[in-house]
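Any read-out appearing in this document is the output of simple, stated calculations on the displayed coordinates, not a laboratory observation. These numbers come from a predicted model, not from an experiment. In this analysis, Cβ positions are derived from the backbone assuming ideal geometry, glycine residues included, and neighbour counts consider all displayed protein chains.
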Protein chains: 2
Amino acid sequence: MTITKPHWKAAAEAKRQSILDLIPGKWRVKEPVPPPSELRDVTAGYIQQSLNARELEITETDAVGIIEHTTSGQWTAVEVTEAFCHRAALAHQLVNCLHEIFFDAAVEDAKKLDAYFSEHKKPVGPLHGLPVSLKDQFHVKGVETTMGYVGWIGTFQGKKDDPRQGAFESELVRELRACGAVLYCKTSVPTTLMAGETENHIIEYTWNPKNRFLSCGGSSGGEGALIALKGSPAGFGTDIGGSVRIPAAFNGLYGLRPSSGRIPYEGAANSMDGQNTILSVIGPLAATVPDLKLLFKAVLSQQPWYHDPLAVELPWRDDLEQETLALIKESASKPESLAFAIMRDDSTVRLHPPVARGIEIIVQTLHRLGHKVIEWNPPPHTEAYDIASRAYSMDGGADVSEHFALSGEEPVKPVMLETGLPQKTASEIAALNIAKREWQKKYMDYWNSTAKLTGTGRPVDGVFCPPAPHAAVIPHKSAPVGYTSFLNTLDYSTVVIPVTRADKTVDVPYTGDNFYSEIDKKVQAEYDAEIYDGAPVSVQLFGRRFQEEKMLTLAEYIGAEVVKHR
Amino acid sequence: MTITKPHWKAAAEAKRQSILDLIPGKWRVKEPVPPPSELRDVTAGYIQQSLNARELEITETDAVGIIEHTTSGQWTAVEVTEAFCHRAALAHQLVNCLHEIFFDAAVEDAKKLDAYFSEHKKPVGPLHGLPVSLKDQFHVKGVETTMGYVGWIGTFQGKKDDPRQGAFESELVRELRACGAVLYCKTSVPTTLMAGETENHIIEYTWNPKNRFLSCGGSSGGEGALIALKGSPAGFGTDIGGSVRIPAAFNGLYGLRPSSGRIPYEGAANSMDGQNTILSVIGPLAATVPDLKLLFKAVLSQQPWYHDPLAVELPWRDDLEQETLALIKESASKPESLAFAIMRDDSTVRLHPPVARGIEIIVQTLHRLGHKVIEWNPPPHTEAYDIASRAYSMDGGADVSEHFALSGEEPVKPVMLETGLPQKTASEIAALNIAKREWQKKYMDYWNSTAKLTGTGRPVDGVFCPPAPHAAVIPHKSAPVGYTSFLNTLDYSTVVIPVTRADKTVDVPYTGDNFYSEIDKKVQAEYDAEIYDGAPVSVQLFGRRFQEEKMLTLAEYIGAEVVKHR
């Protein structure tokens, strides 16, 4: 340490080291990790070589498969937990994806689950023995929550000597435990959470494990990276502008942004808590849709509406799932009984070639299946982007400034939030709420109007659109989040579906000079076929508010069809 | 007109006269109405004498009964509409309860319904031919909305030359028409809507028809007065602090304050629109619970969540109603299978003798039925009152000031809102939203904790409390709305149940000197057994958020039991 280094740098370094120190010696990566120029993708052979056959068998099983083994006594919670702790430890050493490690507590919890199973011959709940990773916004007993802020180290959300420090648990954590889940690590986030990449002064930069030249996305970036490396079978992130969907998309995972009020946010740390024009929501990320359904249904089984004032009394609706399955079944003989819309771009920023190809794959899949496909011509998304931006910045950056000031650290580069701006007044916020509602109403009416075009007697069943103009992005080159945040303005149910990967041999740069705007030109110029090669490419499928059951079911169907012809 | 009279007084007078002018000559009250000292209650014989036998038969039938006749072709929509138009016209002349009269348009609409029935031999919808009254916040084609503001006369919500003026309809209006309802009048409100009485410069003061010394309550006061006079079988008010429940209680009616998002507010006029810490909600008022259910279910049958961005996808839940009916049935042999709590007062303001007796009647009814009864000891309601007050005043009165300024009129006395105060900032509003959520969470946890006390294995099924410390109140003596507004802070499902009427022979004034506070002392001193004699006395029954099906079903059961032994 030099004496000119600010105190916060030392504190960040010490915290960074303390995370690494929690990795047992036997799980340390001994050799230097090869640079990305030699090995872009560390999700396959490279991480596997450090695991034994049993650990590989366990960690390469999806969450639904793990549950089948743990709830029938074939695998113990302890062996499953230890396998994922090992793989998560490796993952962190490869891409910096963990903020908190509590493997010992996890193994103790797993032992209790095994003891319960031995005694009662039945599982504790629907997630018995399943390790579940959590974005570092959730409070877990005995574990710190920093959310990437140096000033939160050793505090409760920045408050010193708060009795909740190390003692309090978020409602979701309580419910996951009641379901039998094992909690073992918390994953990295960008400071402020308002970023499409994951960087902070504590763990520094979280890399994309499928292409380590690139970002894992954000703000639930650690979740995306860890699950892509199979260091976690499934986990929970949060999304106020795309923060579940961007990392799901960038890491080739499925991710759900449910409507507000389905998964309980009660007792989680947050940025700008109390801003209620656009609410952050919690959503699961996983490798498959059945895994997303497993987590989503498990949480709903705990009746969060009795424990979170903002949760809505909407249990998992089997009837909506069954109706959707019936439509899919019917469409096998009558393909036009399902109708989708496609939004190729948002008339503001065009897509990089790999993402445009991803959308084209969806269009071709829908055409091959024979479903009705219409073009999506909604009310201007620029209005939604403007509303969302005004909501995010309504306090002029006061909340995040306060948390930066605790340590004196500076914002990291990907943070999209300006500070030191004027606060909006009650009248201005009311006007913003009205503008939001009016835009939502226009969108709703447009959605209803598609009943005239589909031929099904219903409006479209779902809409496909890109999650960003680019695939997993070159660091500090993230485009604005207009492709995801309009769905936060709408509060619509959205699922990210992995489609393909960037391929430098086919995804050649655009050489024309037809641009919507300067930002469009800038984003397009940042496409580099060589660097992006191998980056996951995904799409969003969205439906109306509270249509999670339908959207998950359609996403599973279409996702499987895309793979069939890949 | 004198030349010293401000312009707004003349405009208000002209509007007042124009309403009266819309009453056909044959329906004018010819003799001067006796003063309240001679005739307090005009709901029975006095109004009946002006109606013929057929009109009496129709207007003294409840909404469910009317629908039975109109959907089976026994009564035409036209004859039902004309009967209610006549009775509403009389009602207005007795207590000043109407802001808008559009009887001619109503009869034209009724003719169309009759033609449809003749042709198709079936009703248009679940409210076929039912006249429904609306608080003057709902826009109806061809009709003005003033909300009591002189400055809104001849405008659309204060905006001149707005194309929506006279052309636009609120979403609820569209849905009621789709159900076959006939719209024929809009009812009086206090300017700003923030008052527990109904007064404005246009129609002046709306009196309580059951005791014309007293207020009809507010802000849906015109609804309460009109329905009590059977000038309407049922109608819709709105409630941000008690505005459905206070007039229901003051007029001896049932009223429902549903949780936010069940009945569509889209396209209705409002005060402080866009304030979204505590949302105003729409609820029905009627003489019976089956009538409330009829209206509530009819609106839900229109799937408002596809037309209002703030509506929640919660259809009428038959299963919840059936579960509740099964509990009631079970309780006939096992009385303690139902458990209620009683909150006798809020530890801030004690009850006037008639209201205390109303609560006692409920307690005795529950004991007679043998149900489990516990005392309600919730988190301090003073916190909820403080949160609600801060929410209502967050813009410092800017919105209502702007609307007063349009004409230059002064606020009427019952308005509880101060103007000219500083606006809250985004950070202050965020802190308020957090305080609200934390209080809601404490209340929710307290509710859950009662599972230990009930013996049913569940928390309490419902809680009874007073709707105000006083019955229908002496003008300008309304107490603060703490007894109702805590339920807006909680967003809980609440039904008002009429219980009894004030009786000077038993409800003798309190003569002790034990008071919670100065305000308690002041409110208690305002009880006058002579003046209050005959005023309706009611209770609130509340349940958790979105428990409308359960609360309506329990209210019907308990309401009927109260009557049995009255």
In order over the range B:469-477: 3J(HN,Hα) from phi, Karplus 6.51/-1.76/1.60, θ = phi - 60°, whole Hz, x for each Gly or Pro, gives x, 10, 6, 2, 9, 5, x, 6, 10
May I ask you to report, in nm to one decimal and beginning with the shortest, the distances from B:GLN364 to the same position in the other copies, taking label points 7 Å along Cα-to-Cβ?
-> 8.1
About the Cα centre of the range A:31-150, how large is the charge dipole given +1 on each Lys and Arg Cβ and -1 on each Asp and Glu Cβ? Please answer in debye to the nearest 20.
-> 300
Can you tell which of A:LEU214, A:GLY370, A:PHE236 lies farthest toward the positive end of the dipole of chain A, using +1 and -1 charges on the Cβ of basic and acidic side chains (Lys, Arg; Asp, Glu)?
-> A:GLY370
Answer rounded, prolate or oblate for the range A:7-306, using the Cα gyration tensor with square roots of eigenvalues a ≥ b ≥ c: rounded when a/c is under 1.5, else prolate when a/b is larger than b/c, else oblate.
-> rounded
Sequence-distant or interchain residues sharing an amide H contact under 5 Å with A:VAL537, placed H: which?
-> A:VAL499, A:THR500, A:ARG501, A:ALA502
Compute the Cα gyration tensor for the protein assembly as shown, then decide on rounded, prolate or oblate, letting a ≥ b ≥ c be the square roots of its eigenvalues: rounded whenever a/c is under 1.5, prolate when a/b is larger than b/c in the other cases, and oblate in all that remain.
-> prolate
Shielding by partners - mean other protein chain Cβ count within 10 Å, residues of B:428-438 = 5
For the range A:191-207, in residue order, the Karplus 3J(HN,Hα) values (coefficients 6.51, -1.76, 1.60; θ = phi - 60°; whole Hz; Gly and Pro = x) are 3, 6, 6, 8, 7, x, 10, 10, 8, 7, 6, 7, 9, 6, 9, 8, 8
Give the nm distances, rounded to one decimal, from A:PRO36 to the matching residue in every other copy, measuring between label points 7 Å along Cα toward the beta carbon; shortest first.
-> 7.8
Given label points at 7 Å from Cα along Cα→Cβ, what nm distances, shortest first, separate A:TYR446 from the same residue in every other copy?
-> 4.6
Residues with amide H under 5 Å of A:ILE101's amide H, sequence separation 5 or more or different chain, H placed in the peptide plane at 1.01 Å from N; which?
-> A:LYS186
Using alpha carbons only: equivalent-ellipsoid semi-axes of chain A, gyration tensor based, whole Å | 33, 28, 25
Quick one: check the C-alpha center-to-center distance for the range A:351-416 versus the range A:101-160, whole angstrom.
-> 31
Cβ-placed point charges (K, R +1; D, E -1), dipole of the range B:7-306 about Cα centre in debye, nearest 20 = 180
How far apart, in nm, are the 7 Å Cα→Cβ label points at A:TYR510 and B:THR511?
-> 8.9
Expected sort for A:GLU402, B:GLU383, B:GLU171 with the fewest Cβ neighbours (10 Å cutoff) up front is A:GLU402, B:GLU383, B:GLU171
How about A:LYS297: which lysines have a C-alpha closer than 17 Å to its C-alpha, ignoring those fewer than 8 places off in the same chain?
-> A:LYS550
Among A:GLU79, B:GLU410, what is the fewest-to-most ranking by other Cβ atoms within 10 Å?
-> B:GLU410, A:GLU79
What number, in percent, do you get for the relative contact order of the range B:387-527 if the mean sequence gap of Cα pairs under 8 Å and at least 6 apart is divided by its residue count?
-> 20
Okay, helix-only estimate at 222 nm for chain A: each DSSP H run of n ≥ 4 adds -39500 (n - 2.57), divide by all residues, round to 500 deg cm²/dmol; what do you get?
-> -12000 deg cm²/dmol
Got a sec to turn the phi values of the range A:304-309 into Karplus ³J(HN,Hα) couplings, 6.51 cos²θ - 1.76 cosθ + 1.60 with θ = phi - 60°, whole Hz, x for Gly and Pro?
-> x, 5, 8, 10, 9, x
What are the radius of gyration and Dmax of the range A:118-206, computed over its Cα atoms and given in Å?
-> 15.2, 47
When you look at the Cβ of every residue in A:308-317, what mean number of other chain Cβ atoms sits within 10 Å?
-> 5
The range B:7-306: relative contact order from alpha carbon pairs under 8 Å, six or more residues apart, as a whole percent, is 20
Out of the DSSP beta bridges found with both residues in the protein assembly as shown, what percent are antiparallel (nearest 5)?
-> 70
Shape of the range B:332-423 from its Cα gyration tensor (a ≥ b ≥ c, root eigenvalues): rounded if a/c is under 1.5, otherwise prolate when a/b > b/c, or oblate?
-> prolate
Pairs over 21 Å Cα to Cα, from A:LYS334/A:LYS372; B:LYS26/B:LYS141; B:LYS112/B:LYS141; B:LYS477/B:LYS504, come to B:LYS26/B:LYS141
Of all DSSP beta bridges with both partners in the range A:7-306, the antiparallel percent, nearest 5, is 70
Which whole-number percent is the relative contact order of chain B (Cα, under 8 Å, 6+ apart)?
-> 16
Amide H of B:VAL373: which non-local residues (sequence gap of 5 or more, or other chain) have their own amide H closer than 5 Å, using H built in the peptide plane?
-> B:PHE340
Averaged over peptide B:273-282, how many Cβ atoms belonging to another chain are found within 10 Å of each residue's Cβ?
-> 4
Bridge orientation stat for chain B from DSSP, antiparallel percent rounded to 5, came to 70
Using a 10 Å cut-off on Cβ atoms, rank the peptides A:459-470, B:335-346, B:113-124 from the highest mean neighbour count down.
-> A:459-470, B:335-346, B:113-124
